Amino acid sequence: MSEADEYQTILTMQKAQLTVKGSRFIGHATPAKDPESALDYIQKISKEYFDATHNCFAYRIGVGKTLISRYADAGEPAGTAGLPIMQAIESLQLTNLVVIITRYFGGTKLGTGGLVRAYREATLKTLADAPVIKDFIYSRFRLEFPYPLTGEVMHLLQSFSAKIERTEYTEAAKIHFSIRQSRESELLIKFNELAYLNVYIFRNE
């Protein structure tokens, strides 16, 4: 069973096409670590396909309590485009990505059920060959401590598989690092126990 901070996402941008009763569906997908990057990609593709009948999308960012998701039908009947795209993403258990399906109307109406099937199929086809990777949600912190404790502090960080982002040496030693969210509580307990040695931990945004 996956831990709360573990997720799967795609590694690279993907593209695919599907034709249903004359309507052409062009799918694009890309990794996205935040809603801003997802929206930037949606705007980019929508601008590229400005002459399309519809540019419908869905994105999922994060997992569990941090999950952010949004979808839009972009002029298609309510519930026939954005939601099927989202449901297809969810069925693959993916997050931290955005999918946009562009439609050029082919002259034959597909009906509500036909649209739902077409958008879902276009999404699954777009993601079918995407390389999938496992990654984790990280929390970021900063430590401040006296120089003589550097060895002890580094050893403790290594025991938590922390990722050191940068170090600073001013009046005190400072280490900026990230750690898997699922280990955050345990780490905070350990370092709060060292407060009497003037070891202080702060959360970085």
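Values in this text are rule-based calculations from the coordinates and carry no lab data. Keep in mind that this is a model prediction, so the values were computed, not measured.
Quick notes on this structure:
- The share of C-alpha pairs in region 1-92 whose separation exceeds 15 Å stands at 65 percent.
- From the alpha carbon centroid of region 1-61 to that of region 144-205 is 38 Å.
- Amide H contacts of D5: S182, each under 5 Å away and 5 or more positions distant or on a separate chain (H built 1.01 Å from N in the peptide plane; Pro and chain starts excluded).
- Whole-angstrom Cα spans of the chain along principal axes, big to small: 75, 35, 27
- Expected 222 nm ellipticity per residue - DSSP helices of 4 or more, -39500 (n - 2.57), all of the chain, to 500: -9000 deg cm²/dmol
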